[in-house]
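Before any comments, here is the structure.
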Amino acid sequence: MPAEDKRWETLQALRNSKKGRLTYDTSWLEDGEDILEQCQSSPKLSVNSAWVLDHLSRPETQSGNDQLPEKSVPSPDPRTEEENNNNVQQLDEELTPERAFLLLSPEATQIEGYVKMYETVHKIKGQAELKHRQELQQKIVHDLSTSSTEQMKRFEESLELKQRQEYEEMRDMMEKGSLEARGRQEKLKEEHRRKAKNMNLKLREAEQQRIRQKELEHQRQAESRDRLRKLNAIQAEVLHLNMQIEPYLKQKDLVGLDLSEYSNRGNQLCSLVSGVIKLTSEGGLLQQEEMLNAERALLQMRTLIAAMHEKIAAVAAEKKRVKEEEEKALQKKQEVKTEVAPPAPQQKPTHKEGLQLKADSSTLQWYQRLQDICNQCAASINDLNNSKDSKVKKIKMDLQKTATIPVGQISSVAASHLREIFDKINNLLLGKQISSGGKLVSISQHPQGQEFVYYKLAEKFVKQGEEEVASHHEAAFPIAVVASGIWESHPKVGDIFLAHLHRKCPYAVPFFPSWKDGLPKEEYQRLLGYRVQENCVEQQDNFLKRMSGMVRLYAAIIVSRWPYGTKQGEHPHDLNHAWRWLAQMLNMEPLADVTATLLFDFLEVCGHALMLKYQNQFWKMIRLIMTEYFPRIEAVTGNGQVGAVIRLRQFLEKSLKQKDFPLPKGYLKPAFWKS
């Protein structure tokens, strides 16, 4: 820039001047530091400069050239006079004689005085301005403090509001959590109740299972005892038959035969049965196969004895023939005329005159009519039974369960329980919708639904007699009273029930199927009521137990009637049928074991009702049984079959002695229906 160039030119000119080329000796500074310090320090006013300045500021003391205009120096403010005096005093203290520096000229002193006065005035103004600014600053600070205080209050209020809001939110959240917790607690309680209910059901089922197991164990023990008794009877009969060989063996010379083969075989069979007895006595379990072996040994022993008797009879007949021929030859030789002997009287029949070997024609016609009804019903539901359609199969299963499950639940717990079961079965047969397994079931779901339910319901009643009543005789009456009520409202169920009953238990007719030529043995045993599986026939005690259960159910139906019916019509199967059954049974030849067992079961259930209705006629029939029919029962009874005969005899003798047939156990008295 031009100004800078001029400065450099000025400096260059000063450097080239005479003074600029001078050399200075600075060695004197080593001894004169004070002088150098004074030269280098700022100029100082003398102690009298204040007085000079004070007088220079007054117009009357100033002369010509030394007078300054009034406006050039402002007059001191009265308010700051005290401050000025203080400042002057301070300057006097600072400008001590030792530190004073005299000005070289009055003009410089005057200028310096003006400068100092100006600085003082400006200092005073600055202090006033500073004070004013301080006051403003204090005011600003006060305003800011007040504003910050208000803002702090607002902030605290907003903070409190936020805290209250957070508290409300927290409380709402806690209440919501509490409600959810209560809901979960209720759900847990409900789940606990449900689990407790299921546990109780399981416990009841376990208890029922335990009771059933206990009953089955008792039943197995009873069957084992019966089997053991039967085994003992078999051994006794085998030994008895084996003893029949000994007399002929000792008299073989008279007989003319060597019977050692029969004796050895008889001893083997006795040893076989004794081995089974020994195994049982040692704590072993009597297996079915061993029992069958013992029975087979008994049959073989019987066959052996029969064969021996046939052989002895044949030899005796041959001897007799030879003897007769010898006598004839002797008579011819002697030429003696013989007289013709009168014919021998005919052999008496094996059965009493008037007794039958089979049921009378009217009973057989009734039996056949019921079988025809059952067969027609079975044929009418073939489409439903044999359908491959899954929907039809499902309908069939639902109908079968709805009809049969209530029958299996019948018990004498309470009258209301029986009525509930009866109403459910009756409503189903009437075509109403029944709730079963969480869904509604009705016979109207299929055209053959009603016939199907008739058939399955009757079949289930017979099965209950075959199983439940056979194990628990008292169960016959609650089942019978429901069956009687259904029979009264739906007669076809009763007819099909009788048909199923007669098929499984022909002695309920009573009807003893006869042997026909060409009929297989297993099939004939089925006709007699035996169960035959894989050419193996069930044991006699099981057979009698099933027959007893079904006859007891049949007798209970005769003496029971549904108490909530109209009772205006007749009983669907009244006591006349009981009298007919008893009379028909006594008109037929007795069967070993079967006749004695079923007579006892039937009279124990129906005897009291028959006594009340027929009175003297009934007692005559009982005496007839004891005097005329009972010997025939004993005649066909073997050594191992006397249990049923003894039980029947004791029962009849006790009844005749007391002139009373007691009510059977389990009979539902009128007080039961009022509970």
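The values are calculated or read from the model by the stated rules, or taken from the named source; none is laboratory data. Just so you know, these numbers come straight off a predicted model, no measurement behind them. All Cβ positions, even for glycine, are placed from backbone atoms using ideal geometry, and neighbour counts span all protein chains on display. Note: accessible area is taken over every heavy atom of the protein model, side chains too, but ligands, DNA and RNA are not part of it. Shrake-Rupley method; radii C 1.70, N 1.55, O 1.52, S 1.80 Å.
A compact table of results
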item	result
Global form of the stretch 375-512, assessed from the alpha-carbon gyration tensor, a/c cut-off 1.5	oblate
Gained length - Asn293 relative to Arg210, 0.36 nm times residue gap less alpha-carbon distance	26.5 nm
Accessible heavy-atom area order of Trp8, Trp515, Trp487, highest first, probe of 1.4 Å	Trp8, Trp515, Trp487
Solvent exposure, largest accessible area first (probe 1.4 Å, DNA, RNA and ligands not counted), of Tyr262, Tyr507	Tyr262, Tyr507
Added length on full extension, which subtracts the Cα-Cα distance from 0.36 nm per residue, Gln221 to Leu239	3.8 nm
Long-range amide H partners of Trp562 with built H, under 5 Å	Gly485
Dipole magnitude of the stretch 561-675, debye to nearest 20 (Cβ charges: Lys/Arg +1, Asp/Glu -1, about Cα centre)	520 debye
For the stretch 463-547: rounded, prolate or oblate by the Cα gyration tensor [a/c cutoff 1.5]	oblate
Per residue accessible area of the stretch 513-667, 1.4 Å probe, in Å²	48 Å²
Amide H contacts of Ile381 (H built 1.01 Å from N, under 5 Å, at least 5 apart or other chain)	none
Leu612/Lys311 FRET efficiency (R0 41 Å; Cβ-Cβ; nearest 0.05)	0.10
Computed FRET value (nearest 0.05) for Glu107 with Arg7, which takes r as the C-beta separation and R₀ as 41 Å	0.90
FRET efficiency estimate (nearest 0.05) - Cβ-Cβ, Asn587 to Lys391, R0 45 angstrom	0.25
Approximate spin-label separation Met152-Asp660, in nm, with each point projected 7 Å along Cα-to-Cβ	11.1 nm
Approximate spin-label separation Phe651-Asn375, in nm, with each point projected 7 Å along Cα-to-Cβ	3.4 nm
Computed label-point distance, nm, for sites His142 and Lys674 using a 7 Å Cα→Cβ extension	10.9 nm
